[in-house]
Structures are given as C-alpha cells and as structure tokens.
Amino acid sequence: MDVRLDSGPGSAFNHSRQRPCMYLTQLSSADQDVAFRCLRAIYEGPFLDEFDFQTRTGVERGRLPALLERWPAADDMDDEGDDALLISNAMNEIANGVRLTDEEWRRWFGDLPREAVGASLMRWRELRDRS
C-alpha cells in the first residue's frame, strides 16, 4: 500500500501548527524537522516492508500516522512507548540502517547533510539520558 501524507498548509500533517511537548520541546525546530522527515521517510518510503517495519521499529506501521498528525506533540517520555520507539528507531534506521541513494536522500531530506540525522538523534538521546 502506497500512502502519501500531505504536509502542506492546512494539512493534518503540517507539523509546524502543533504545540510540542515532552523532550521534543527541548530540541531546536531544525532537529524536530529532521526527526519528522525520518518518520515520514520510514512510513512512506520503500525502505521497510510490513514485517521489517515492526521488527526494526518495535511498533506496528499503522501507529505512525497518529504520531505524524500530532507532531511534534509526541509522548516521548516512556522509553517503551510507541512515540519514543518510533522516533528513536526511525532516526536510527535512516542514520545507520537503510541505505538511501543520493536521489532518495534528496527526495526525503533535500539538502540536509546525511550526518545531520545522526547528530539530531544524539541530541534527542542526550536530553533523554539527562532526565
């Protein structure tokens, strides 16, 4: 199933309209955007099939749209909660797991340097480790 999420103005997936909460509030808007792009790429892209998705993210694919709809108002406080698992594992997959061609990278991340994903993931994890 090929599902596309529209993040344009007025869309339910326009993440700039939502109020952030939890650890995500402590990240810069740039880091929040990196995480959002990783989640969208993992959800919409061809990188993980249904079986691999749950195995590699720890959460069923069908739970990700709800997180994208309320982004960045994620409940990322519980390490084993769906939101925290999806954020951590989607970013980790993009940084270290799935291999994106240069064309795929530009489609999902534009001019963002590849190392920015790992750096954003580390900042999010550092916030979590401090608490």
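Quick note: the coordinates plus some simple rules give every number you see, no bench work behind them. Treat the numbers as computed from the prediction; the structure is a model and nothing was measured. Using ideal geometry, Cβ is built from the backbone for each residue, glycine included, and neighbour counts are taken over all protein chains shown.
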Summed over the other residues with a beta carbon less than 12 angstrom from that of PHE51, with K and R at +1 and D and E at -1, the charge totals -2
Highest mean packing first, using Cβ neighbours within 10 angstrom, the peptides 100-110, 61-71, 84-94 sort as 84-94, 61-71, 100-110
Per the C-alpha gyration tensor (a ≥ b ≥ c, the square roots of its eigenvalues), segment 91-131 is rounded if a/c is under 1.5, else prolate if a/b beats b/c, else oblate; here it's prolate
For ARG130 and GLU115, extending 7 Å from Cα along the Cα-Cβ vector and measuring point to point gives, in nm, a value of 2.3 nm
Taking a label point 7 Å from the Cα of MET122 along Cα-to-Cβ, the residues of segment 85-112 whose backbone nitrogen sits under 15 Å from it are 92, 95-96
Residue separation between ALA30 and MET77 times 0.36 nm, minus their alpha-carbon distance, gives in nm 14.9 nm
Quick shape check on segment 10-131: root eigenvalues a ≥ b ≥ c of the Cα gyration tensor, a/c under 1.5 is rounded, otherwise prolate if a/b tops b/c, else oblate, and it reads rounded
Taking every other residue with Cβ under 10 Å from the Cβ of LEU67 and scoring Lys and Arg +1, Asp and Glu -1, one gets -3
